Amino acid sequence: MDIFLQLMVSGVAVGGIYALIALGFVLIYKATSILNFATGEFMMLGAYFCYTFLVLLGLPVIPTFLIVMLCAALLGFLVERLILRHMLGQPTISIVMATIGLGSILTGLAEILWSSDFKSFPQIFPRAPIDLGFAIVRSNMFYGFLISITAVIVFSLIFKYAKVGIAMRATANDQMAAYSMGINVRSMFTLAWALGAIAAGLGGVVIGNIGGIQPNLGQIGLKIFPVVILGGLDSIGGAILGGFIIGVVENLAGGYLGPYFGGGVKDLAPFVLLVMILMVKPYGLFGKREIERL
Amino acid sequence: MHIGNFKETYDADEAVFRTPTVRWWMGALFVALAIFPFAADDYLLYMANLTGIAIVGALGLNILTGFAGQISLGHAAFVGVGAYTSAILTTRLGMPFLLCLPLSGLMAAALGVIVGAPSMRMKGLYLCIATLAAQMIFMFVFIHWESLTGGIRGINVPPPTIFGLKADTEFKYYFVTLPVVILAVAATRNIFRTRVGRAFIAIRDRDISAELMGINLFRYKLYAFAISSFMAGVAGCLWVNFIKIVTPEHFPLHESIRYLAMIIVGGLGSVLGTIFGAIFMTLVPEILKNILSIFQAMNPTAMSYLFPLQSVVFGAMIVGFLVLEPHGLAEIWRRMKDFFRLWPFEY
């Protein structure tokens, strides 16, 4: 039972981080219908920005976080302006490949700028593990979870109540109607990319803080696909719930099946779960079923 | 000179090679392909073999993605299935190469149908992610089913013997690869002259309209998956008998992406484009690597900065083509041809 609780708790902790990154992913998808395969690379760059300002330039923690968010937003803005704006109306495969190519470029650039050596973050949180009474959590996981959850809540509130958020939802819902209500749809696209990049960048900071950073950190981004598809590509609540489900499933599979099938089970389990869910619910748990007309 | 497009008989309209000029050029191409191995050194032949194998694999993917419109992120996994099938059949059962070739394809096709089965209910991006899941699951099986696949150590394969001849050098293997490539190209070209191929294109362009016209979507999508995986399996079989070892690390997600990049760069839904794309995406990284190794000889420390350039260039090629020339090399080729055909009276 102890092991079960322990696995559950670390699953939830990781799930919170997944939820944050998935949220950024879904924001972009909802507004622009683009599946951002470079999410993992956005995360990786977020972690490197944080490393640069924190370690190389020696800034304190709070300003660093703000600057990282600013840089991530800038990155999202540039990507949208320079690449994806030119691709409006192209077939899905082209847009998917554009983001994959973008990911490859960003990985290469990161390797050139920061070299491919493993880098670890300095200790920014108290080191002592947190005892929750029923389970013990590593401190940077605990604080990482807190940061992620705070960000998730802030993002959700913005999306739900702020004027910008409502404009974004309107754009996602019906572009023509949004135009006619005086919403600048194009700037909403840019904004969605900036917000998505911020969410991914913050997630990267938290993950880098737990496990250190390397240019191939972006591969963790692949795990975001089970998360978002599970919840339904266009559902924010689904992304958050999916994050927790995948985090927990992954840890339980790693804990219980790992000894029998070897180490890869932890990474495989989300994908197996994904296939099973898609067989039953082809649009994920909360995804909107698209009604097509000719 | 070929100017108008005026056909008097159905035979002329359905011909594969429409004009004598085309026939003449095709003849010249075949002669060049036959002479090439006698003029080239081992390195060039090695590249030619890899390119040929890439063409077969990329054709498979273009049938599925370019013609039938189903995005697959798991193509390398099927190449892997073909490679493993061939390796296992050869080493365990001692099967001859010529039998392994179709069997690897059939094995991959069978698994392709299973992976394609979810396409009954999902499409577009959801299906794309389902194929990503398939890629992950296949990789896991390659690594962890050690009794069959040899785990990360892989399987060593002896050089194939065909009609008593051992194809153990690049030169000899060229004559194994070339006929398969020609066969694959001809087959692909011809699929799109049949009902099945036209159904694929109809599904890509508008699946609902296709269904209204009496195309059984599910069945034809499965056909597309099966044909595509079959060619991937054949490519895998060719590949393993050429490289002579198969390990899981040869078929990662990145390899699937490389195949997608080939058909993007070459031109989606174009057989000629697939060939260009496969050649381009095999040669350019290799040329880049050679250039970089010259730099390395001059300045060894610069390597850590130069090496990642490869992934930057890889990504930049994909993005560059998508933004600047979405129809790929095939379109550039067509424009070049038009230029020379009409020159000097362009209008």
Task: Top-ranked residue of the range B:184-212 - restricted to ones that are within 10 Å of chain A (Cβ to nearest Cβ) and of a type outside the set (K, R), ranked as surrounded by the most Cβ atoms within 10 Å (Cβ to Cβ) - done: B:D207
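Listed here are the residues, each with its yes/no results for (1) part of a helix (DSSP H, G or I); (2) buried (at least 24 other Cβ atoms within 10 Å of the Cβ); (3) of a type in the set (D, E); (4) without any contact (Cβ under 8 Å) to a residue 24 or more places away in the chain.
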{"site": "A:Y29", "(1), (2), (3), (4)": "yes, no, no, no"}
{"site": "A:N36", "(1), (2), (3), (4)": "no, yes, no, no"}
{"site": "A:A47", "(1), (2), (3), (4)": "yes, yes, no, no"}
{"site": "A:L66", "(1), (2), (3), (4)": "yes, no, no, yes"}
Open item on the list: When you check B:A77 against the structure, is it aliphatic (A, V, I, L, M), surrounded by 24 or more Cβ atoms within 10 Å (Cβ to Cβ), over 16 Å from B:A235 (Cβ atoms) and within 14 Å of another protein chain (Cβ to nearest Cβ), yes or no?
Closed with: no
TODO: Would you please list the contacts, defined by Cβ atoms under 6 Å and residues six or more apart or on different chains, that run from a residue in the range B:122-142 that is facing chain A (nearest Cβ under 7 Å) and over 19 Å from A:G232 (Cβ atoms) to a residue that is at pLDDT below 90 and in a loop (DSSP other than H, G, I, E, B)?
DONE: B:F140/A:G264
Task: Selection count where residues are part of a helix (DSSP H, G or I) and within 12 Å of another protein chain (Cβ to nearest Cβ), scope the range A:254-282 - done: 19
TODO: Can you tell me which residue among A:L217, A:L222 is over 18 Å from A:L35 (Cβ atoms) and among the aliphatic types (A, V, I, L, M)?
DONE: A:L217
TODO: Working only within the range B:103-118, note down all residues that are more than 10 Å from every other protein chain (Cβ to nearest Cβ) and under 16 Å from A:L278 (Cα atoms).
DONE: B:I114, B:G116
- [ ] Would you mind stating whether A:V96 is at the interface with chain B (Cβ under 10 Å from one of its Cβ atoms) and not charged (D, E, K, R)?
- [x] yes
TODO: Mind telling me which of the residues A:S148, A:S115 ends up being on the phi > 0 side of the Ramachandran plot, touching a helix residue (DSSP H, G or I) at 6+ places or on another chain (Cβ under 7 Å) and either of a type in the set (S, T, Y) or within 14 Å of another protein chain (Cβ to nearest Cβ) (or both)?
DONE: A:S115
Task: Residue in the range B:159-171 that is in a helix (DSSP H, G or I) and within 30 Å of B:T91 (Cβ to Cβ) present - done: yes
- [ ] Could you grab me the full set of residues in the range B:143-158 that are more than 10 Å from every other protein chain (Cβ to nearest Cβ) and assigned to a helix (DSSP H, G or I)?
- [x] B:S147, B:L148, B:T149, B:I152, B:R153
Task: Index of the failed condition, B:E249 passing every other in (1) within 14 Å of another protein chain (Cβ to nearest Cβ); (2) buried (at least 24 other Cβ atoms within 10 Å of the Cβ) - done: (2)
Task: Lone qualifier among A:G231, A:G237, A:G242, A:G218 - being crowded, with 24+ Cβ neighbours inside 10 Å, small (G, A, S) and more than 30 Å from B:S311 (Cβ to Cβ) - done: A:G231
Open item on the list: Criterion first (in the same structural domain as B:H144 (by TED's automatic domain parsing) and under 26 Å from B:P102 (Cβ atoms)) does B:T301 satisfy it?
Closed with: no
- [ ] Just name the residue that is farthest from B:R153 (Cα to Cα) out of those in the range B:213-246 that are of a type in the set (S, T, N, Q) and either crowded, with 20+ Cβ neighbours inside 10 Å or touching a Gly at 6+ places or on another chain (Cβ under 9 Å) (or both).
- [x] B:S228
- [ ] Looking for whichever is within 14 Å of chain A (Cβ to nearest Cβ), surrounded by 15 or more Cβ atoms within 10 Å (Cβ to Cβ) and assigned to a helix (DSSP H, G or I) here; the options are B:I275, B:I264, B:I332. Which one fits?
- [x] B:I264
- [ ] Could you tell me whether any residue of the range A:2-21 is within 17 Å of A:P215 (Cα to Cα) and either more than 14 Å from chain B (Cβ to nearest Cβ) or not hydrophobic (A, V, I, L, M, F, W, C) (or both)?
- [x] no
TODO: Find the residue count for the range A:283-294, including only residues that are touching a Ser or Thr at 6+ places or on another chain (Cβ under 9 Å), more than 8 Å from chain B (Cβ to nearest Cβ) and either assigned to a helix (DSSP H, G or I) or surrounded by fewer than 18 Cβ atoms within 10 Å (Cβ to Cβ) (or both).
DONE: 2
Task: Residue check for B:A167: within 30 Å of A:G258 (Cα to Cα), in the same structural domain as B:I245 (by TED's automatic domain parsing) and of a type in the set (G, A, S) - done: no
TODO: Considering every residue within the range A:116-130, establish whether at least one is among the hydrophobic types (A, V, I, L, M, F, W, C), more than 20 Å from the chain's Cα centre (by Cα) and modelled with pLDDT of 80 or more.
DONE: yes
Task: Subset of the range B:172-201 (residues that are farther than 24 Å from B:C237 by Cβ, under 22 Å from the mean Cα position of the chain (by Cα), without any contact (Cβ under 8 Å) to a residue 60 or more places away in the chain and not in a loop (DSSP other than H, G, I, E, B)) - done: B:R198, B:A199
TODO: Read through the list (1) assigned to a helix (DSSP H, G or I); (2) closer than 17 Å to A:G165 by Cβ, then give the number of the only condition that A:N209 fails.
DONE: (2)
- [ ] Filter the range A:80-115 for residues that are out of contact with any Ser or Thr (no Cβ under 7 Å at 6 or more places or on another chain) and among the hydroxyl-bearing types (S, T, Y) and give the result.
- [x] A:T92, A:S94, A:T99
- [ ] Being free of Cβ contacts under 8 Å to residues at least 60 places away in the same chain and either of a type outside the set (K, R) or surrounded by 15 or more Cβ atoms within 10 Å (Cβ to Cβ) (or both) is the filter here, so list the residues in the range A:126-142 that pass it.
- [x] A:P126, A:A128, A:P129, A:I130, A:D131, A:G133, A:S139
Open item on the list: Criterion first (out of contact with any Phe, Trp or Tyr (no Cβ under 6 Å at 6 or more places or on another chain), among the aliphatic types (A, V, I, L, M) and away from chain B (no Cβ under 14 Å)) does A:L132 satisfy it?
Closed with: yes
Open item on the list: Suppose we keep only residues that are small (G, A, S) and either touching a helix residue (DSSP H, G or I) at 6+ places or on another chain (Cβ under 9 Å) or in contact (Cβ under 8 Å) with a residue 60 or more places away in the chain (or both) within the range A:73-89. Which one would you say is farthest from the other protein chains (Cβ to nearest Cβ)?
Closed with: A:A73
Task: Residue count for the range A:165-192, restricted to those that are at pLDDT below 85, loosely packed, with under 13 Cβ neighbours inside 10 Å and part of a helix (DSSP H, G or I) - done: 1
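The values are calculated or read from the model by the stated rules, or taken from the named source; none is laboratory data. Predicted model, so just to flag it, every value in this text is computed and none were measured. Cβ coordinates were reconstructed from backbone atoms using ideal geometry, including for glycine residues, and neighbour counts include every protein chain displayed.
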